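**Student:** Take a look at this one; I'll ask things after.
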Amino acid sequence: MRGALWLPLATVAAPAALVGAARAAAGWQRALAGVGAGAGTAEAERARRPKARRVFGYALLSLLPALVALLLVALCAYSVYFGFLYPLRPDAIAAIGHPFSADPMFHASWGGPTLVGAWAAHAAVGAAFWAGSLLFLHALCALQARLTRRFC
């Protein structure tokens, strides 16, 4: 969820910091990153008086990793439909009544010539993509938390 919201928040926080809402923008960014400010720390002091240029700079700095995170989230959503829900695709739904028998439609498909084989192959590729994407998203979210602690 964090990967999908990071880019829209960064695009809203940059102008908000410039028009005098730096404290609110910093709060939004800390909440999204899951970074709290402990009492009596330097983070708590910065949380009370965030500098507009720091919040604006953080929003600009986070645009590229936020864009990458949003693209990964979108590709994960895409892989659900074209990997895990393969039989519901318009080109495959006709074979749903005979999933274990060979169908000429799947002769060139990954895992074909049956719907079950094609589904299993597409789901395996989708699962591998999800595993790699989730690891990369985890690293991006850790980067976001580190940047948030430093700048907001």
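**Student:** Conditions: (1) of a type outside the set (S, T, Y); (2) modelled with pLDDT under 85; (3) exposed (fewer than 12 other Cβ atoms within 10 Å of the Cβ). A131 meets all but one. Number of the miss?
**Tutor:** (2)
**Student:** Yes or no: the stretch 127-139 includes at least one residue that is farther than 20 Å from L70 by Cβ and not basic (K, R). Steps first, please.
**Tutor:** Residues of the stretch 127-139 that are farther than 20 Å from L70 by Cβ, as a first pass: 127-128.
Adding the requirement that they be not basic (K, R) leaves 127-128.
Checked the stretch 127-139: at least one residue is farther than 20 Å from L70 by Cβ and not basic (K, R).
**Student:** In the stretch 10-31, what residues are assigned to a helix (DSSP H, G or I) and open to solvent by 30 Å² or more (accessible area, probe 1.4 Å)?
**Tutor:** From the stretch 10-31, those assigned to a helix (DSSP H, G or I) are 10-18, 22-31; that's our starting set.
Correct list: T11, V12, P15, L18, R23, A24, W28, R30, A31.
**Student:** Scan the stretch 75-108 residue by residue and report those that are assigned to a loop (DSSP other than H, G, I, E, B) and not charged (D, E, K, R). Steps first, please.
**Tutor:** We begin by selecting, within the stretch 75-108, every residue assigned to a loop (DSSP other than H, G, I, E, B); these are 85, 89-92, 98-101, 103, 107-108.
Listed by number, the residues that qualify are L85, P90, A92, H98, P99, F100, S101, H107, A108.
**Student:** Would you please name the residue that is modelled with the highest pLDDT, looking only at residues in the stretch 75-114 that are exposed (fewer than 15 other Cβ atoms within 10 Å of the Cβ) and small (G, A, S)?
**Tutor:** A77
**Student:** Does G117 fit the bill of being surrounded by 14 or more Cβ atoms within 10 Å (Cβ to Cβ), farther than 30 Å from A25 by Cα and not aromatic (F, W, Y)?
**Tutor:** On the way: surrounded by 14 or more Cβ atoms within 10 Å (Cβ to Cβ): yes; farther than 30 Å from A25 by Cα: yes; not aromatic (F, W, Y): yes.
Against the criterion (surrounded by 14 or more Cβ atoms within 10 Å (Cβ to Cβ), farther than 30 Å from A25 by Cα and not aromatic (F, W, Y)), G117 qualifies.
The values are calculated or read from the model by the stated rules, or taken from the named source; none is laboratory data. Just so it is clear, the model here is predicted, and its values are computed rather than measured. Glycine gets a Cβ as well: all are built from the backbone with ideal geometry, and neighbour counts include every protein chain shown. Just so you know, the surface numbers come from the protein's heavy atoms only, side chains and all, with ligands and any DNA or RNA stripped out. Shrake-Rupley method; radii C 1.70, N 1.55, O 1.52, S 1.80 Å.
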